[in-house]
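Have a look at this one before I ask anything.
The values are calculated or read from the model by the stated rules, or taken from the named source; none is laboratory data. All of these numbers come straight from a predicted model, not from anything done at the bench. Methodologically, a virtual Cβ is constructed for each residue, glycine included, from the backbone with ideal geometry; neighbour enumeration extends over all protein chains shown. Ligands, DNA and RNA are stripped out before the accessible areas are found, and what is left, the full protein with its side chains, is counted by its heavy atoms. Shrake-Rupley method; radii C 1.70, N 1.55, O 1.52, S 1.80 Å.
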Amino acid sequence: MRQIKSLSHLGKQIMVIDKSKRNLMYGLGGAGIGVLALSAANRFSFISKTTFKAASNELRIPPLLDSRNGQNIAIDIQDGKHEFFPGILSQTKGFNGSYLGPTIRMYKGETTKITFNNLLDEPTTIHGHGLHVDGRWDGGPQNIIKPGEKLEYQLNIIQQSGTSWYHPHFMGKTAEHVHAGLAGMYIIEDQNSLSANLPKRYGIDDVPLVLQDRTFINGVIKTYSVTPEQIMQGLQEDSLVVNGTINAYKDVPKGWVRLRLLNGANARYYKLTLDNGGSFYKIATDGGFLNKPVPISELTIAPGERNEIMIDFSDGLDKRLLADFQSPEGEEFFTSLFTSSHSVLEMRVNTQLEPRGSLPVNLNDIRPYNINDVKVTRHFELQMGEGGEEGQSNSSMDTHNMFSINGRSMDMAFINHESKKGQLELWKISGENMRHPFHMHGTSFLILSQNGNEPKPEDQGWKDTVNVDEGVTEVLLKFDVTADSQSPFMYHCHILEHEDAGMMGQFTVL
């Protein structure tokens, strides 16, 4: 048995996990609740249904910058003041605006030039999460943009269509910078996506959704600050923000609607459902389309992951997308029993919007790798430690070495391994104490197995971020781009507090 300390709004709790019986026992202090034992196979909820008032704020749609417009793309990294609640301004950061950034559309087989101009009073980097580009353009912690400087990226797009994103990756500051608002989407198109009869009118029936959780005090966003315990668990907050909008609604056509979902949270997992309990279709994972649409009624999305889903509004009925907040420690935690659903987006059918596009029968032709072609097998264990005293802020302690992978915390002067371009590799990944969204740069992979099981049909697509736990997750991958020792690729936990505190490594591809 293993003991893990955890705090919640109910008071201090000590969790003991019986791995054989999967029973969870909680000793709650200060809450007057006593001891409760629950079987993970027989979980229940104290809240059966959440009712919502009509959403009051129209969903903000990030501007679209298309690389085919004939002009180079320029992005200012800047401080801003964003209005989450009417008449109340919060200090934030954004790309070409006060919070988040424009969606940038690029095309396979073309080179897109993007100039990032750092107007902040501190250095940062810009990582292309999900892009298959050389290390010099990847934007890892080595690719620093100093205050007042510009850096032009030349992105040679070689991968298939999909939804990626860009965000800072500065060593020790990633969580703070993303929390302040520095994130935006990349959309990649190819011949397949352009010719498919899918909904593709950006902001109308092809809608980007960046999901984040934040804390507000009197309508003002709480400035980023974490305790050692919050570093251990990852920062999890209480209000859902979508595209920088609180309590959002969106008019949609009476037909098929495509949602591009990005979990841009620091640590929170979201379980997504429709308020009517109905099904929707998953059509894409991080790195592109699935072979076929997969009908599902719920979708759990980890930090850093992207998914594309389609919802049918041909019945003319409004629908609401809901999110249940989940901790990286798992939905079995006692506190989840008291957690109600959050409204992601109220979608209102507007018959003035012409429906276009359909749900294709076939989407892709993913050809699995042959396990017999594997040249190298690598093992990665994401490890957690203890650091500091409860209630101590991270400003008064060194948090960098709290976590590690394979016993080593991130060291920018140390290359953890060398991969060979074009070589098929098998990576076996596991984590300690909780779920960890494991992300790697420079490629997409296919999941071979998780805890000895084949991936579900909705997970049999190209990925760059995968949820791992104490069991072993096996993925197959190869690299078609290079990264030298001056600009190596990263692998890390995408709980941003874990990444900043050392749960990261780097490697070259030559």
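Could you please tell me the mean projected area of the C-alpha convex hull for segment 155-197, averaged over all directions and given in square nanometres to one decimal? Kindly include the intermediate steps, with their values, before the conclusion.
Working: hull surface 16.6 nm².
Directional mean of the projected Cα hull area for segment 155-197 stands at 4.1 nm².
Which value, in debye to the nearest 20, describes the size of the charge dipole of segment 244-331 about its Cα centre when Lys and Arg Cβ atoms bear +1, Asp and Glu Cβ atoms bear -1, and nothing else is charged?
On the way: 11 positive and 12 negative charges, 56 e Å.
The dipole magnitude comes to about 280 debye.
Next question. Which of K108/K292; K428/K456; K53/K456 have a Cα-Cα distance over 24 Å?
Working: K108/K292 21 Å; K428/K456 18 Å; K53/K456 35 Å.
From K108/K292; K428/K456; K53/K456, over 24 Å: K53/K456.
What nm value, rounded to one decimal, do you get for the distance between S297 and L89 when each label is placed 7 Å out toward the C-beta?
About 4.8 nm separates the two model spin labels.
Next up: By how many nm would the segment from T115 to D79 grow when fully extended, if each residue of separation counts as 0.36 nm and the alpha-carbon distance is taken off? Don't skip to the answer; put the middle values down first.
On the way: separation 36, 0.36 × 36 = 12.96 nm, distance 1.75 nm.
Taking 0.36 nm per residue and subtracting the Cα distance, the gain is 11.2 nm.
Same structure, new question: From the protein chains alone at 1.4 Å, what is the descending order of accessible area for D500, D469, D138, largest first? Mind dumping the intermediate values first?
Working: D500 20, D469 55, D138 0 Å².
If we order D500, D469, D138 from most to least accessible, we get D469, D500, D138.
Dividing the Cα radius of gyration by the Kirkwood radius, what Rg/Rh value follows for segment 469-510?
Answer for segment 469-510: 1.03.
Expected output is a single nm value to one decimal: the length gained when fully extending between I158 and Q191, i.e. 0.36 nm times separation in residues minus the C-alpha distance. What is it? Walk me through the numbers before you get to the answer.
Working: separation 33, 0.36 × 33 = 11.88 nm, distance 1.23 nm.
Gain on stretching I158 to Q191: 10.7 nm.
Let me ask something additional. Across 10 Å bins from the origin, how do the percents of Cα pairs in segment 64-221 run, short distances first?
10, 39, 34, 15, 2
Okay, next question. Among rounded, prolate and oblate, which fits segment 443-500 when a ≥ b ≥ c are the square roots of the eigenvalues of its C-alpha gyration tensor, a/c under 1.5 means rounded, and a/b larger than b/c means prolate? Could the numbers behind the result be given before it?
Working: a/c = 2.47, a/b = 1.42, b/c = 1.74.
It comes out oblate by the Cα gyration axes.
For V349, what is the net charge nearby, where nearby means another residue's Cβ is under 13 Å from its Cβ and Lys, Arg count +1, Asp, Glu -1?
Numbers: positive: K250, K254, K319, R320, R348; negative: D205, D251, D312, D315, D318, E346, E354.
It works out to a net charge of -2.
In debye, nearest 20: dipole of the chain around its Cα centre with unit charges on the Cβ of K, R (+) and D, E (-)?
The dipole of the chain has a size of about 800 debye.
Per-residue HN-Hα couplings for segment 211-217, Karplus 6.51 cos²θ - 1.76 cosθ + 1.60 at θ = phi - 60°, whole Hz, x for Gly and Pro?
Ordered by residue, 3J(HN,Hα) equals 9, 9, 10, 9, 10, 10, 10 Hz.
Ok, one more. Could you give me D for the chain, from Stokes-Einstein at 10 °C and 1.306 mPa s, where the hydrodynamic radius is the Kirkwood radius over C-alpha pairs? Units µm² s⁻¹, please. Mind dumping the intermediate values first?
Working: Rh = 23.3 Å.
Estimated diffusion coefficient is 68 µm²/s.
In addition: Using +1 at the Cβ of each Lys and Arg and -1 at the Cβ of each Asp and Glu in the chain, identify which of I104, G502, L353 lies farthest towards the dipole's positive end.
My answer, from the dipole projection, is L353.
Related question: Pick out, from G148, L272, V242, the residue whose Cα sits farthest towards the positive end of the charge dipole of the chain, with +1 on the Cβ of Lys and Arg and -1 on the Cβ of Asp and Glu.
L272
Quick one: with all protein chains in place, what share of the accessible area of the chain is carbon or sulfur, to the nearest percent (1.4 Å probe)? Can you show the working numbers first?
Working: 9520 of 20620 Å².
Of all accessible area on the chain, carbon and sulfur atoms account for 46 percent.
Let me ask something else about it. Run through segment 47-155 and list the chymotrypsin sites (Phe, Trp or Tyr not before Pro) located in a DSSP loop whose Cβ has at most 16 other Cβ atoms within 10 Å.
On the way: sites: F52, F84, F95, Y99, Y107, F116, W137, Y153; in loops: F52, Y99.
In loop regions of segment 47-155 (DSSP not H, G, I, E or B), the sparsely surrounded chymotrypsin sites (Phe, Trp or Tyr not before Pro) are F52.
Taking square-rooted eigenvalues a ≥ b ≥ c of the alpha carbon gyration tensor, is segment 234-320 rounded, prolate or oblate, where a/c under 1.5 means rounded and, failing that, a/b exceeding b/c means prolate?
It is oblate, given that a/c is not under 1.5 and a/b is not larger than b/c.
Hey, if you put +1 on the Cβ of every Lys and Arg and -1 on every Asp and Glu Cβ in segment 53-95, which of I61, G94, N72 ends up farthest toward the positive end of that dipole?
Projecting each Cα onto the dipole axis, the largest value belongs to I61.
Send over a whole-number figure in Å² for the accessible area per residue of the chain, probe 1.4 Å.
The answer is 40 Å² per residue.
Once every DSSP H run of n ≥ 4 in the chain is given -39500 (n - 2.57) and the sum is divided by its residues, what mean residue ellipticity at 222 nm do you get, rounded to the nearest 500 deg cm²/dmol? Don't skip to the end; give the middle numbers.
Values: 5 runs with 27 residues, N = 510.
Roughly -1000 deg cm²/dmol at 222 nm, from the helical runs in the chain.
Continuing with the same structure: Considering only DSSP states other than H, G, I, E and B, which trypsin sites (Lys or Arg not before Pro) in segment 355-387 qualify as loop sites with at most 14 other Cβ atoms within 10 Å?
Working: sites: R356, K375, R378; in loops: R356, K375.
Within segment 355-387, the qualifying trypsin sites (Lys or Arg not before Pro) (loop, at most 14 other Cβ atoms within 10 Å) are K375.
Also, I was wondering about something else. Counting other Cβ atoms within 10 Å of each Cβ, which trypsin sites (Lys or Arg not before Pro) in segment 188-238 have at most 16 and sit in a DSSP loop? Present the calculation step by step, with values, prior to reporting the outcome.
Details: sites: K200, R201, R214, K222; in loops: K200, R201, K222.
Counting only loop positions with at most 16 other Cβ atoms within 10 Å, the trypsin sites (Lys or Arg not before Pro) in segment 188-238 are K200, R201, K222.
Hey, with R₀ at 35 Å, roughly what FRET efficiency would K222 and N401 work out to, going by the Cβ-Cβ distance, to 0.05? Intermediate results must be reported in sequence, preceding the final value.
Numbers: r = 27 Å, r/R0 = 0.76.
According to the calculation, E is roughly 0.85.
May I ask you to derive the relative contact order of the chain, considering only C-alpha pairs under 8 Å and at least 6 residues apart, and to give it as an integer percent? Write down the numbers at each step before the final one.
Details: 1347 pairs, mean separation 74.9, N = 510.
Once divided by the residue count of the chain, the mean separation gives 15 percent.
If you take the beta carbon distance between S358 and L274 as r and set R0 to 25 Å, what does 1/(1 + (r/R0)^6) give as a FRET efficiency, to the nearest 0.05?
Details: r = 20 Å, r/R0 = 0.78.
The computed FRET efficiency comes out at 0.80.
Follow-up. For V374 and I415 in one chain, what is 0.36 nm times their gap in residues minus the Cα-Cα distance, to one decimal in nm?
Working: separation 41, 0.36 × 41 = 14.76 nm, distance 2.22 nm.
Once the chain is fully extended between V374 and I415, it gains 12.5 nm.
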